[in-house]
1. Any residue at all in segment 363-386 that's within 20 Å of F242 (Cα to Cα), among the aliphatic types (A, V, I, L, M) and assigned to a strand (DSSP E or B)?
2. Hey, can you tell me all the residues within segment 518-527 that are of a type outside the set (S, T, N, Q), more than 35 Å from the chain's Cα centre (by Cα) and either buried (at least 16 other Cβ atoms within 10 Å of the Cβ) or assigned to a strand (DSSP E or B) (or both)?
3. Working only within segment 189-246, note down all residues that are closer than 30 Å to D147 by Cβ, among the hydrophobic types (A, V, I, L, M, F, W, C) and within 13 Å of the ligand (Cβ to nearest atom).
4. Within segment 525-562, which residues are of a type in the set (K, R) and closer than 19 Å to P443 by Cα?
5. How many of the residues in segment 38-58 are part of a helix (DSSP H, G or I) and either under 26 Å from the mean Cα position of the chain (by Cα) or within 14 Å of the ligand (Cβ to nearest atom) (or both)?
6. Residue check: is A473 in contact with a Gly (Cβ under 6 Å, 6 or more places away or on another chain), buried (at least 18 other Cβ atoms within 10 Å of the Cβ) and in a strand (DSSP E or B)?
7. Quick one: T172 ticks every box in (1) within 15 Å of G511 (Cα to Cα); (2) more than 16 Å from the ligand (Cβ to nearest atom); (3) at pLDDT below 95 bar one, so which box is it?
Amino acid sequence: MKFLFAPIVVLALLSWPCAGREPKGAPKAEALYHSLAMTPPMGWNSWNVFHGNIDEEKIRGIADALVASGMRDAGYEYLVLDDGWMASHRDSVGTLVADPAKFPSGMKALADYIHSKGLKFGIYQDRGHSTCMKLPGSFQHEQQDMDLFAQWGVDYLKLDSCYAEINGRLSTADYAVYRDCIIKTGRPMILSLANYTDPSWAWGGGQIGHLWRTSYDIGPSMGSVYYCADTTAGDIVIHPAFNGLWQFAGPGRWNDPDMLEVGNLKSDRENRTHFALWCILAAPLMAGNDLRSMTASVRDVFTAAEVIKIDQDPRGVQGCKVYDDGDHEVYHKPLSDGATAVLLLNKGAKDADLTVSWDQIGLKGPQKVRDLWQRKDLGIYTNQFTATALPQHDHRLLKIGTPGRPPLPLPSAVAPAKYMVTSQGKTYLSGLYYVWRSGPAAPRYNSNFEGQPIVIGGTPYQRGFGFKGRGLAMFKLNGKANHFTAVIGLDAACQSDDSCRFKVRNLDPIGPTSLLYDSGKMTRDTAPKTVDVDVSGVDCLILECESKKALANWAEVYVVVD
Ligand code: GLA
């Protein structure tokens, strides 16, 4: 015993420093990673203005302009190179290389230059085998690429999803690989999930990265700006009961309605309105214009300190709509100091007076009102404030209330039992709000798409969903359920040439990995089918109708928790 014991002690003592370092360092790196974006990230990204036409001279010029314009000092710290920076092939040992014609001095030199300006360096990659521009992606090079980025001094990674549907991993697992690889490098890097249009908020994107896209790519028009804003603040991608995605955002986890088009829009009015909308939504503020040639008025939009302060408020509440009639909107963002930020927005073609009343924003009696663009107190108002004659695309951004009071309560969030499977036994999905949808129209609950009763193969059903044409809807099973069942078929009102493929998917809207069930092509004459799928461990389940215009019905759609 004596002889055996001694070497064990020696071995244990020898290995102790290493063994001791691992558990101590790892949680520290993890804690650091999760504390990186306590307010929405701010910076500049090359895509909106340059697309793939980037080179080191331009980017150095942008770094200089970030400093000279005062934007760095206003908080824009990340300079992010989007797609198009790399050579078309990895080198002989599989290392990514910068395009030698565009970046002859290499990425390390560029990163050093950016850092020397007091800025942070961000880069784009893709989790598929190729980027969206068909340059080498990171699939099967995950740790190698993260190590290289750490070596270059990368502080921010925008990780795109082109071609990732054929990786054989669900988005959650795939993105988690990168999170773990980044943490392993020991270098703090923000992870921006560019899973555009896919519902990262629903599957806990905030535990994996720091921000996630909610929209398709933004473009330089107010139509596009409003569409992107409404993916985050409206019901384009989530059930209307949620009033937007605000309840999924907060310090360290942000909805990203895409990068800014400020400076690329038609007028200063449009630039200001776009910026104010992003600020009330606590959106990441990534400029996307050519900073080297912007006008003084565009610079003034980017550096408006009181407006930025709304975006960067440490309470981290995403503002939400308290009024929306299609043309006119009122938003409210309760701040950390006891006051609230209010945005009055006229999208409509006619000039309009817009009012916010105190009962919409949780206030009573006389309140101080300040205009944040004019940096001017407008006076004390009782019960309401009206902005008069706002032209189309104009707005007022106000701070209302008295700083120093206890923070105003948040609007009420949707309770988990209303959108997640929470109990044993049967849960009808038609009794839950969907957490994401895609396609031209939302599904109808408990009727066919035209509001008539659900009838499949002559049998009427009280519960289920009616779709029309292409549509996907996601429900949160929360990993709890074991079985999924439904009756599917085309509605009797369909034309004889209408058809639909009904699919059930695990988490991801496209690709072979997520497919759990495929009905094949069904027409009005196909006999109804009963779907029976094992959904053990599935967090988010998607019902999909692949169809041009058919009315497709899902009846008695439920899951069972054993
Ligand atoms: C996708 C992203 C864009 C941009 C391009 C680059 O479209 O959504 O933001 O990164 O890829 O190819």
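The values are calculated or read from the model by the stated rules, or taken from the named source; none is laboratory data. Quick caveat, the model's predicted, so the values are computed rather than measured. Backbone-built Cβ (ideal geometry, glycine too); neighbour counts: all protein chains shown.
1. Within segment 363-386, not a single residue is within 20 Å of F242 (Cα to Cα), among the aliphatic types (A, V, I, L, M) and assigned to a strand (DSSP E or B).
2. Listed by number, the list holds a single entry, R524.
3. L193, A194, L211, W212
4. Selection gives K548, K549.
5. Total meeting the criteria: 4.
6. So A473 does not fit the description; no.
7. (3)
Condition check ((1) at pLDDT 95 or above; (2) in contact with a strand residue (DSSP E or B) (Cβ under 6 Å, 6 or more places away or on another chain)) across all residues:
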| site | (1), (2) |
| --- | --- |
| D155 | yes, yes |
| I183 | yes, no |
| Y196 | no, yes |
| I218 | yes, no |
